[in-house]
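Okay, structure first, notes after.
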Amino acid sequence: MVQTILSIAGKPGLYKLVSRGKANLIVEALDETHKRMPAFATDRVTSLADIAIYTENDDVPLMNVLAAIRDKEQGKQISFNFKKAASKELRSYFAEVLPEFDQERVHDSDIRKLMQWYNILVNNGITDFEKDMAPTEGDNVDDRKEQD
């Protein structure tokens, strides 16, 4: 499922992949509007499964961080107003979720965006992040070789 949840650079929120065309993707906004629109090759489209958070050691997949937030919030939305929170409050909260995050490379705007995405996913009933990380029968690692 997370393979089909997308972030599009320059556009707020998250999008669900609905269909693929020859020159574009058809995506649906995961907000109240559920508006459908095309995403073209010139748009920087990234699957949530391909995003990781910088830490002092290895990067941590976004799904692991979202699962940690879900566990902290007991599957509910973020419990404070992260949009208006001070930097210190944001970083303190995020340190509870991911203690080893890289303080220099992870910016306040990254934390806010992550929290916004978490709330969007929870509002759409997507909370089983660990299951969504596992490859499904239809996923084929060898597909990458064919694209080269």
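The values are calculated or read from the model by the stated rules, or taken from the named source; none is laboratory data. Computed from a predicted model, the values in this text were never measured in an experiment. FYI the Cβ positions are ideal-geometry reconstructions off the backbone, even for glycines, and counts take in every protein chain you see. Each accessible area value is taken on the protein alone, full model and side chains, heavy atoms only, with ligands, DNA and RNA left out. Shrake-Rupley method; radii C 1.70, N 1.55, O 1.52, S 1.80 Å.
The GluC sites (Glu not before Pro) of region 1-75 that meet both conditions, a loop assignment by DSSP and at most 14 other Cβ atoms within 10 Å of the site Cβ, are Glu32, Glu56. Structure remark: mean-square fluctuation, Gaussian network model of the chain, C-alpha springs under 10 Å; the largest value among Phe40, Phe94, Phe129 belongs to Phe40. In the elastic network of the chain, a GNM with C-alpha springs shorter than 10 Å, the most mobile of Met115, Met37, Met63 is Met37. Multiplying the residue separation of Lys11 and Lys76 by 0.36 nm and removing their Cα-Cα distance gives an extension gain of 20.9 nm.
What's the whole-number percent of alpha carbon pairs in region 30-92 lying beyond 17 angstrom? Here the tail beyond 17 Å accounts for 66 percent of pairs.
Considering helices alone, the calculated mean residue ellipticity of the chain at 222 nm is -9500 deg cm²/dmol, with DSSP H runs of length four and up weighted by -39500 (n - 2.57) and normalised per residue.
Using a probe of 1.4 angstrom and keeping all protein chains present, the accessible surface of the chain works out to 63 square angstrom per residue.
Rounded to the nearest 10 degrees, the angle from helix 62-73 to the longest Cα principal axis of the chain is 50 degrees. Rounded to the nearest 10 degrees, what's the angle between the helix 87-97 long axis and the longest principal axis of the chain, both from Cα atoms, 0 to 90? It is inclined by approximately 70 degrees.
Accessible surface for Ile53 stands near 30 Å², nearest 10, in the context of the full protein assembly shown (1.4 Å probe).
Bin all alpha-carbon pair distances of the chain at 10 Å intervals from 0 and give each bin's fraction as a whole percent. Calculated over all Cα pairs of the chain, the distribution is 10, 38, 36, 15, 2 percent. Under the combined filter of DSSP loop state and at most 15 neighbouring Cβ atoms within 10 Å, region 20-116 retains these trypsin sites (Lys or Arg not before Pro): Lys22, Lys35, Arg44, Lys76, Lys83, Lys84, Arg105. Over 32 Å between Cα atoms: which of Lys11/Lys84; Lys22/Lys83; Lys22/Lys76; Lys35/Lys88 fall into that group? Too far apart for the 32 Å limit: Lys22/Lys83; Lys22/Lys76; Lys35/Lys88.
Over the chain, with every protein chain in place, what whole percent of the accessible area is carbon and sulfur at 1.4 Å, could you tell me? On the chain, the fraction of accessible area on carbon and sulfur atoms equals 47 percent.
Computed extension gain for Asp108 through Ala86, at 0.36 nm per residue and net of the alpha carbon distance, reaches 7.0 nm.
Gap in Å between the Cα centre of region 52-103 and the Cα centre of region 106-128? Spelled out, the Cα-based centre of one part sits 9 Å from the other.
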